[in-house]
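The values are calculated or read from the model by the stated rules, or taken from the named source; none is laboratory data. Remember, predicted model here, so these are calculated numbers, not experimental data. FYI the Cβ positions are ideal-geometry reconstructions off the backbone, even for glycines, and counts take in every protein chain you see. Only protein heavy atoms, including side chains, enter the accessible area calculation; ligands, DNA and RNA are left aside. Shrake-Rupley method; radii C 1.70, N 1.55, O 1.52, S 1.80 Å.
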Amino acid sequence: MDLDGPVNAMNAQFRRAIGETVNRLEGVANLKGVIITSAKSTFFAGGDLAELAQVTANQADEQFKQIEDEIKAPLRRLEKIAAPVVAAINGAALGGGLEIGLACNYRIAVDSENMQLGLPEVTLGLLPGAGGMVRLIHRLGAEKALPLILDGNRLNAAQALEAGLIDATVTNQKELLSAAFEYIESNPDACTQPWDQKGHQIKNGNIWDPKIKQLLSAAPFQVYKKTRGLLPAPEVILSVASNILATDFDSGMKAESRGLVQLTLTAEAKNMINTLFFQTNAVNSKNYRPAADTTVTVTQIAIFESDELTNNIAFACEQQNITISLNKVSQASKQDLLTCQLIIVNNNSLLETIEPLIPTGAAIVVLNPKQPVDSLTSNNELSDRTIGLHWLSSENSHPVVEICCTEKTSINTAAIVFNFVRQLRKTPIVLHSTKDSYLTRITQSYVDEGERLLNEGSNSILINNLGKQLGMPKGPIEACEDSGSNDIAAPNIARQDIKDRLLFRQVIEALNCYEQGIVRTVAESNVAAIQSQTAPTWSGGFLQFVNTYGLQSFKARCDSLTQRYGERFAAPNIIEEKLTKQQLIAD
């Protein structure tokens with residue numbers, strides 16, 4: 001496979017090509033076997049998300065027919081060809097890529113560092129719609145297949161082999177085609193899929209099996225515990241799985257297609273696709289680097305001084321083969337730092353002490369600055385190379401790092417630090433701010449509104465629970481020991497008002513940060529909020545929430561909250577500006 005574009009995808013070109021290819025294969029006399037592989041570094045990237053995100057309710061029937069006739073039908077014919085079909089998986093096979101593999105009789109993958117296999121559609125609000133759910137449940141059974149589909153985990157080759165997603169691995173690309181040819185030669189009759197064999201039954205039981213009944217009875221409660229009913233995809237996946245387990249193979253295929261079309265129409269899927277795929281890819285690309293032509297790779301850094309945070313940063317650097325020098329100010333010398341490209345300090349007060357040691361050209365990174373970065377040095381030669389870095393957790397699990405630029409920060413310095421963050425496999429968010437963290441401002445608005453509600457007499461447990469019902473990982477009130485013990489009489493505040501107060505405070509703060517230029521772009525605002533779990537996943541980010549809610553409706557709700565609870569709920573000016581121009585919140 002070598003479709004137009006950087007990756008192979010289930011777009012219109014693929015739909016034409018797969019139909020034409022199967023037509024040719026069916027016409028070959030004495031066909032010995034078929035090997036499907038890719039001429040690109042990845043095997044297959046999955047569905048055409050731009051196309052799926054644009055499907056409207058009026059196009060639902062047409063979309064269902066396209067999935068059935070132009071994707072599933074050719075793959076079904078492919079797996080019925082009277083010769084072994086082998087998927088030689090040379091690179092990542094996620095979503096549609098793995099679904100193509102599952103339509104083959106045998107799957108071999110290269111056990112490389114970059115190999116990823118799985119069905120991650122649920123993480124974008126969708127489900128596997130090219131036969132992946134049906135084939136995986138039939139092949140592995142519901143107990144093993146459903147966790148892979150519901151969690152959307154990406155597995156390496158060894159994990160995929162153990163899970164049953166593939167049948168064999170090879171150590172390098174050269175062995176891949178040889179292994180595929182060898183399988184075909186050794187197994188000339190291995191051309192019938194398990195579900196096409198006489199007497200086939202779903203592995204480990206269908207819907208009538210007591211174990212499967214118990215599994216399907218418990219699953220909705222487990223899903224609700226994780227999603228709080230805010231994400232439709234897991235619920236639809238369970239419904240489709242029940243259909244697959246209760247019917248024949250081809251009927252299960254139709255149920256899967258209906259489920260995918262249903263999910264493509266949801267606001268949650270459109271929001272998640274927009275932010276978690278398109279905007280995330282954009283933010284991590286060179287186009288969002290402050291100087292797009294600055295391709296410097298950071299190879300050596302120095303850190304002052306050692307603590308939990310800097311130790312974790314050092315560990316992340318070591319994993320990416322970046323040389324680190326952990327220093328104590330009292331013991332450092334200029335010679336030690338001569339080849340360092342970044343000097344990282346964990347305390348504002350250290351900067352003045354180490355200024356004489358900093359080599360020419362090195363960027364000076366102040367971690368989590370407590371005062372304006374542009375005031376940390378009076379040395380004009382260093383001011384344009386000094387930058388703040390909000391590393392928002394002492395653990396390395398936090399995916400977002402905020403880069404704090406001032407008017408004095410050179411574009412080259414910002415670009416080098418951007419590259420450094422990307423090298424650590426984190427998402428860089430560039431802020432125009434002297435010290436403020438965008439994400440901290442959002443979180444503080446959420447906590448502040450929770451405290452206001454508490455001070456007004458609302459029950460802290462209720463406040464926390466309603467915050468979680470929004471999809472927040474935790475409620476705004478950290479301690480609940482005094483729940484319900486306020487001396488103030490509990491007010492008669494509608495639960496929807498409490499939820500909207502908690503949500504709209506954060507949305508308004510995000511709008512303010514964008515309007516003030518602290519966050520450069522809508523994409524960065526949304527991606528930072530979603531990846532950090534500051535915004536609920538279903539929303540696609542706070543600015544995306546406004547677009548989905550509707551700007552006019554958002555302004556009306558802000559006006560209502562302002563009248564009842566105060567000016568902090570007043571809609572920012574950008575809302576009126578966009579309404580006047582009939583525009584969405586977009587760059």
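Side notes on the structure shown:
- Whether the range 433-479 is rounded, prolate or oblate, judged on the alpha carbon gyration tensor where a/c under 1.5 counts as rounded: oblate
- Tilt relative to the chain, helix 210-227 - C-alpha long axis, 0 to 90 degrees, to 10: 20
- Other-chain or far-sequence residues with amide H under 5 Å of Met10's (modelled H): Gly46, Gly47, Asp48
- Taking a ≥ b ≥ c as the square roots of the Cα gyration tensor eigenvalues, the range 1-59 comes out oblate, since a/c reaches at least 1.5 and a/b does not exceed b/c.
- Directionally averaged projected area (convex hull, Cα atoms, the range 11-105), nm²: 6.3
- Solvent exposure of Leu231, expressed as accessible area, is near 40 Å², computed with a probe of 1.4 Å over the protein chains only.
- 24 Å tail of the calculated P(r), the range 248-400, as % of Cα pairs: 49
- Subtracting the Cα-Cα distance of Asn287 and Thr562 from their residue separation scaled by 0.36 nm leaves 95.1 nm.
- Excluding same-chain neighbours fewer than eight residues apart, the lysines reachable from Lys213 by a Cα-Cα span under 19 Å are Lys144, Lys203.
- The computed semi-axes √(5λ) of the Cα gyration tensor in Å for the structure shown corresponds, within (1) 123, 31, 27; (2) 46, 33, 21; (3) 53, 27, 22, to (2).
- Accessible area, probe 1.4 Å, largest first, for residues Lys578, Lys32, Lys435, Lys198: Lys198, Lys32, Lys435, Lys578
- The convex hull of the Cα atoms of the range 85-175, projected and averaged over all directions, covers 5.2 nm².
- With DNA, RNA and ligands ignored, accessible area of Arg16 (1.4 Å probe; Å², nearest 10): 140
- Efficiency of FRET from Cβ geometry, Glu456 and Leu350, R₀ 45 Å, rounded to 0.05: 0.55
- Amide H contacts of Leu326 (H built 1.01 Å from N, in plane; Pro and chain starts excluded): Ile303 sit under 5 Å, all sequence-distant by 5 or more or on other chains.
- Nearest-0.05 FRET efficiency for Glu318 and Ala17, computed from C-beta distance (R0 56 Å): 0.80
- Cα gyration tensor category, rounded, prolate or oblate, for the range 372-457 with a/c compared to 1.5: oblate
- Value at 222 nm in deg cm²/dmol, rounded to 500, when DSSP H runs of n ≥ 4 in the chain each add -39,500 (n - 2.57): -13500 deg cm²/dmol
- Ranked order, His398, His390, His200, His432 - accessible area, probe 1.4 Å, largest first: His432, His200, His398, His390
- Under a 5 Å amide H cut-off, with hydrogens placed 1.01 Å from N, Ile36 pairs with Val86, Ala87, Ala88 among residues at least 5 apart or on other chains.
- Measuring r between the beta carbons of Glu381 and Thr299 and using R0 = 25 Å, the FRET efficiency lands at 0.60.
- With DNA, RNA and ligands ignored, accessible area of Tyr549 (1.4 Å probe; Å², nearest 10): 90
- Estimated inter-spin distance, Phe278 and Leu25, nm [label 7 Å along Cα→Cβ]: 3.3
- Given the chain, longest segment not containing exposed loop GluC sites (Glu not before Pro) (DSSP; at most 12 other Cβ within 10 Å): 114-394
- DSSP beta bridge pairing in the range 353-443, given as percent antiparallel to the nearest 5: 30
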